[in-house]
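*Asks:* Quick one: the structure is below, questions incoming.
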Amino acid sequence: MNKILELINVSKHYRDGEDLLHVLKDIKLVIHQGDRLAIMGASGSGKTTLLNIAAGLDRPSSGTIEFEGEDIYKLKDNKLSILRNQKIGFIFQSFHLLNDLNVRDNVALPLLISGKNIRVAMEEAEKTLTLVNLENKYKSLPHELSGGEKQRVAIARSVVNKPSIVFADEPTGNLDNPNASLITSLLIKLSHELNTTLVVVTHDNEIADKMDKRLTIQNGTFTD
């Protein structure tokens, strides 16, 4: 399989007064196209920081992140933004839908940002919403949806641009058990159907068990 993402000696620290708080310590990780990877760890272990850095949302203190062979943090900000828009999908625990936009418009937004014609963007959004079984919710506003439905909208938004990789940060953290199971199965199903690499941060063993691989992070470094 082709290597899609590599983290090389990645560290992250924050200054706390005169002290340095080391969140990540010399992380090394290779992810290949089609991988389905769970990253596990307790709260404060560094897993969300790792995900944000890998996805181009937060710069490391040191080290290199290569996406498809290119050091993403050597890119100018506008080119990094284009990369995130076109090649990377992100799913958050708290959905991050725009409350003033209906479901279809929320999903179409990444396409519109990338310059797609509005008619094409809406058609693609509708097709993608069908994949997550929300074809009857196009015109609904986020406040009219259940938690599980909101997360399905967020999933549709993350894959509408057909990204190479999707990062999911505790995607079931705000859901009850039946919805959590449904969302996990849907993520894996779409990953297979769209040939999209999937990296999920979670503390839930049931989710991790459904992935192809798992890694555990503790005190800023991998333990396995």
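What follows draws every value from the coordinates through simple rules; no lab data is involved. For clarity, every value in this text was computed on a predicted model and none was experimentally measured. Quick reminder, even Gly has a Cβ in these numbers, built from the backbone with ideal geometry, and neighbours come from all protein chains shown.
*Asks:* Have a look at THR197, THR172 and point out the one that is within 18 Å of LYS213 (Cα to Cα) and under 13 Å from the mean Cα position of the chain (by Cα). Working first, answer last.
*Replies:* Details: THR172 fails: within 18 Å of LYS213 (Cα to Cα).
One residue alone meets the criteria, THR197.
*Asks:* What number goes with the only condition from (1) among the polar types (S, T, N, Q); (2) farther than 30 Å from LYS139 by Cα; (3) outside any helix (DSSP H, G or I) that ASN99 does not pass?
*Replies:* The one condition ASN99 does not meet is (2).
*Asks:* Considering segment 115-136 alone, what residues qualify as being farther than 17 Å from SER158 by Cα and either buried (at least 18 other Cβ atoms within 10 Å of the Cβ) or of a type in the set (Lys, Arg) (or both)?
*Replies:* Once the filter is applied, which keeps residues that are farther than 17 Å from SER158 by Cα and either buried (at least 18 other Cβ atoms within 10 Å of the Cβ) or of a type in the set (Lys, Arg) (or both), segment 115-136 yields only ARG119.
*Asks:* Could you identify the single residue in VAL10, VAL23, VAL30 that is touching a helix residue (DSSP H, G or I) at 6+ places or on another chain (Cβ under 6 Å) and of a type in the set (A, V, I, L, M)?
*Replies:* Exactly one of VAL10, VAL23, VAL30 is touching a helix residue (DSSP H, G or I) at 6+ places or on another chain (Cβ under 6 Å) and of a type in the set (A, V, I, L, M), namely VAL23.
*Asks:* Any chance you could count how many residues in segment 24-66 are more than 17 Å from PHE167 (Cα to Cα), in a loop (DSSP other than H, G, I, E, B) and out of contact with any Phe, Trp or Tyr (no Cβ under 9 Å at 6 or more places or on another chain)?
*Replies:* Residues flagged as more than 17 Å from PHE167 (Cα to Cα), in a loop (DSSP other than H, G, I, E, B) and out of contact with any Phe, Trp or Tyr (no Cβ under 9 Å at 6 or more places or on another chain) within segment 24-66 amount to 4.
*Asks:* Here's something else I'd like to know. Kindly indicate whether GLU6 is of a type in the set (Asp, Glu) and in contact (Cβ under 8 Å) with a residue 60 or more places away in the chain.
*Replies:* When the stated conditions are applied, GLU6 passes them.
*Asks:* Got a number for residues in segment 102-149 being outside any loop (DSSP other than H, G, I, E, B) and more than 18 Å from ASN161 (Cα to Cα)?
*Replies:* The number of residues fulfilling the criteria is 6.
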